[in-house]
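Okay, structure first, notes after.
Bear in mind that the values in this text are calculations on the coordinates, not laboratory data. If you're wondering where the values come from, they're calculated on a predicted model, not measured in any experiment. Cβ coordinates were reconstructed from backbone atoms using ideal geometry, including for glycine residues, and neighbour counts include every protein chain displayed.
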Amino acid sequence: MNKKTTEPESAPGNQPAVSEELTGLFREDRIEYMLARGAELAREKEKVEKIIKETEDLKGLDPVKAAALLQVEDQEMLDLMLKTARKIKETIYGKRLVLFAPLYFDNICDNSCLYCSFRRENEKVERRKLSQNEIRDEVEALIEKGHKRLLVLTGEREEEDLTYLLEGIRTAYDTETEEGEIRRINVEIAPLSAEGFAELNELGIGTYTCFQETYHRPTYEKLHPSGPKSDYDWRLAVMDRAIEGGIDDYGIGALFGLYDYRFEVISLLLHADYLQDKYGVGPHTISVPRLNMAAGAPLQEPPAPVSDFQFKKLVAVLRLAVPYTGIILSTREEESLRDQLFRHGVSQISAGSRTSPGGYEEARQRDEKKEQFSLHDTRPMAEIIYELAEKNYLPSFCTACYRRGRTGEDFMELARPGKIQKYCKPNAMMTFKEYLEDFADDELQKLGENCLEHHLNEIKGDDPDLAGNVKQRLNKIGRKKRDLYL
Ligand code: SAM
Ligand code: SF4
């Protein structure tokens, strides 16, 4: 968005805007070599078991060892990886899952991504750009369902529109209803210049996310034939510019199904390492969308399909390799698979989603003519919450870290074991209690109170003082106090 008008193609002194240090990381021969070395390691079962065991120290994995785990083909070894991933997830994140809703401001786009309904050439899609009033209506509809965290998305246009987007985010933050307000807005829009990011940062957004889609350059070029997104390097350096613009909370991702999933996972790990080493702060989240059918898009089959077995494996490998980074799964996945994955690594999911602008307010049903791609999991949020609580998983709407300024490296510090129980779990409990009070029916309230009791007892075992403090706060929420957090 606005690339041509806000930033020159090269940095001052005629240095290229994208460094060779960055582009060199994703050279095909380099990643193929790592994958081949991983495959050699993976030939011996004992070595694979040893690598899995090593990850229990929560220090992560280097890319070659991760490549070895990506070779695993037998169920027994996958089960061991999933079991370890689950242990790591529960040590670091506890049994909680953060819920959010995507909100599309528009579906107008100058790009031609072959897999997306919003692509410029698609005449079947009804184009729409929400007015500020319509944004307010959408946000009200989401607040009324109990949401506190939004992810704002748009198409990409060569001109204008940063002003529109900034105004839209302000509108969303300013919208209040009797049921409350949105407390954190994450943003997933096309790459900006460093100056654009500085403006975005001033609004107080949560995480900025952008997916490279595929790190494999020839595939990228084939699938993004025109528009600003056709520039692989511009997109690759997006986080360098975001950080330059002051954003210290960011998420990366790849669209699985476009190219070999092993290549993408190793690339994500290399990208995360590069950003951590260079700027002292790694990605807060890694997203793992898998390609879905999109009406009117030329690509109707994934060029490199990822089976459920491979998908579970790649989520487990990411959990073992970057234990402190959140993993985001979206509505793109089917219910049964989502339920398995959140136990083994995923820490955030979207719930009750619509992928069309205006989709929450106007239609309770799918509107294929405006949506970006079709969804597999269309359960309403209350149903997802019910299922989580039934398994004693805490649904969380927590926004405390961002509001307390615990972002970037401060957040990573907090994510270290031991501290999580002190903040994240109590905060998840408090936001869940609010949800139960304000939105749940009798059955869900009862189930939710049992789930809260279970977690309170767990805290009591480790830290009775903290448990007392949390109990007091839960009682206050029961007496209509809102927005309490640690
Ligand atoms: N337009 C911006 C962009 O592409 O970066 C912002 C967000 S776009 C609306 C969000 C993401 O949707 C893309 O990055 C892409 O990974 C994903 N997406 C597009 N088509 C998809 C499909 N058919 N199935 C699953 N995900 C898809
Ligand atoms: Fe536009 Fe993003 Fe869809 Fe590509 S993925 S066509 S950039 S909305």
Problem - For Leu103, residues with placed amide H under 5 Å, excluding near neighbours - result: Leu151, Val152, Leu153
Problem - Alpha-carbon centroid distance for the pair segment 331-356 / segment 417-474, whole angstrom - result: 22 Å
Completion exercise
Residues whose modelled amide H sits under 5 Å from the amide H of Ser396, counting only those 5 or more places away in sequence or on another chain, are Leu97, Val98, Leu99
Problem - Per-peptide average of other Cβ atoms within 10 Å, ordering 198-205, 446-453 highest first - result: 446-453, 198-205
Problem - Spin-label model distance (nm) - Thr177 vs Glu140, 7 Å beyond Cα toward Cβ - result: 0.8 nm
Exercise for the section: State to the nearest 20 debye the size of the charge dipole of segment 48-131 about its Cα centre, where the only charges are +1 on K and R beta carbons and -1 on D and E beta carbons. Expected result: 460 debye
Exercise for the section: Taking Cβ-Cβ under 4.7 Å as the only way to count a partner, pick out the unpartnered cysteines of the chain. Expected result: Cys109, Cys210, Cys398, Cys401, Cys424, Cys451
Problem - Distance violations [Cα-Cα > 29 Å] among Lys45/Lys278; Lys87/Lys222; Lys145/Lys480; Lys59/Lys278; Lys145/Lys471 - result: Lys45/Lys278; Lys87/Lys222
Exercise for the section: Provide the packing ranking of 460-468, 28-36, i.e. peptides ordered by the mean count of other C-beta atoms within 10 Å per residue, highest first. Expected result: 28-36, 460-468
Exercise for the section: For Lys47, list the aspartates and glutamates whose Cα falls under 13 Å from its own Cα; do not include residues on the same chain fewer than 8 positions away. Expected result: none
Exercise for the section: Consider all pairwise Cα distances in the chain and report the whole-number % of them above 33 Å. Expected result: 35 percent
Problem - Other-chain or far-sequence residues with amide H under 5 Å of Ser287's (modelled H) - result: Ile252, Gly253, Ala254, Ile328
Handout entry: Relative contact order [Cα under 8 Å, 6+ residues apart], the chain, whole percent
Key = 20 percent
Handout entry: Across Lys65/Lys313; Lys148/Lys446; Lys312/Lys422, pairs whose alpha-carbon gap is larger than 20 Å
Key = Lys148/Lys446; Lys312/Lys422
Practice task
Compute from the Cα atoms of segment 44-198 the Rg and the Dmax, the latter being the longest Cα-Cα distance, and quote both in angstrom.
Solution key: 21.8, 61
Exercise for the section: Run the numbers on segment 267-367 and let me know its relative contact order in percent, using alpha-carbon pairs under 8 Å that are six or more apart. Expected result: 25 percent
Practice task
Please give the peptides 474-483, 314-323, 207-216 ranked by average Cβ packing (other Cβ atoms within 10 Å per residue), highest first, as a rough proxy for protection.
Solution key: 314-323, 207-216, 474-483
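Given the Cα atoms of segment 218-328, and with Rh set as the inverse mean 1/r over their pairs in the Kirkwood sense, what is Rg to Rh to two decimals? Could the numbers behind the result be given before it?
Details: Rg = 14.8 Å, Rh = 15.2 Å.
Using Cα coordinates only, the ratio equals 0.97.
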